[in-house]
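> Pasting a structure below so you can have a look.
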Amino acid sequence: MNGLTSSTPSQAAIRLTVSGFLLMQIQSVMLLMSPSLDHACGTLIWILTPLAVSAFVAALIGIPEPPEHHWRQRHAR
């Protein structure tokens, strides 16, 4: 997968970036709507934050894609 810093980023990198930012937006809305932060919300925020950051980092760096025909190889008989 080509990362966002390459000249032709792949669709997976763009999707990871969008999903990461959406997770950050959900977290921000939850914080703004909550008058007091209880333990359950705090736990959810601590789960969503690293997930959003890792999606953004994976989108920037780019993760390797498998070869196109790696599953189509025939077995020798």
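> If we scan segment 4-13, do we find a residue that is assigned to a loop (DSSP other than H, G, I, E, B), surrounded by fewer than 11 Cβ atoms within 10 Å (Cβ to Cβ) and either at pLDDT 80 or above or touching a Phe, Trp or Tyr at 6+ places or on another chain (Cβ under 6 Å) (or both)?
Of segment 4-13, the ones assigned to a loop (DSSP other than H, G, I, E, B) are 4-10.
Add one more test, that the residue is surrounded by fewer than 11 Cβ atoms within 10 Å (Cβ to Cβ), and what stays is 7-8.
After this cut, where a residue has to be either at pLDDT 80 or above or touching a Phe, Trp or Tyr at 6+ places or on another chain (Cβ under 6 Å) (or both) as well, the list is 7-8.
Yes, because at least one residue in segment 4-13 is assigned to a loop (DSSP other than H, G, I, E, B), surrounded by fewer than 11 Cβ atoms within 10 Å (Cβ to Cβ) and either at pLDDT 80 or above or touching a Phe, Trp or Tyr at 6+ places or on another chain (Cβ under 6 Å) (or both).
> While we're here: Take SER34 and decide whether it is of a type outside the set (D, E, K, R), closer than 25 Å to ILE63 by Cα and surrounded by 10 or more Cβ atoms within 10 Å (Cβ to Cβ).
Taking the combined requirement at face value, the residue does not satisfy it.
> It is to be established whether one or more residues within segment 50-70 are open to solvent by less than 100 Å² (accessible area, probe 1.4 Å), assigned to a loop (DSSP other than H, G, I, E, B) and at pLDDT 80 or above.
Within segment 50-70 (the criterion being open to solvent by less than 100 Å² (accessible area, probe 1.4 Å), assigned to a loop (DSSP other than H, G, I, E, B) and at pLDDT 80 or above), the answer is no, since none of the residues qualifies.
> Continuing with this model, one more query. Which pairs have Cβ atoms under 6 Å, sit 6 or more apart or on different chains, and link a residue in segment 34-49 that is closer than 18 Å to LEU22 by Cα and part of a helix (DSSP H, G or I) to one that is at pLDDT 80 or above and open to solvent by less than 70 Å² (accessible area, probe 1.4 Å)?
ILE45/GLN27; LEU48/LEU23; LEU48/GLN27
> What pairs come out if I take residues in segment 6-27 that are touching a residue at least 40 places away in the same chain (Cβ under 8 Å) and pair them with residues that are assigned to a helix (DSSP H, G or I) whose C-beta lies under 6 Å away, six or more apart or interchain?
ALA13/ALA59; LEU16/ALA55; LEU16/ALA58; LEU16/ALA59; THR17/ALA59
The values are calculated or read from the model by the stated rules, or taken from the named source; none is laboratory data. It should be emphasised that the depicted structure is a prediction, and the values quoted were computed from it without experimental measurement. Virtual Cβ from ideal backbone geometry, glycine too; neighbours counted across all protein chains shown. Only protein heavy atoms, including side chains, enter the accessible area calculation; ligands, DNA and RNA are left aside. Shrake-Rupley method; radii C 1.70, N 1.55, O 1.52, S 1.80 Å.
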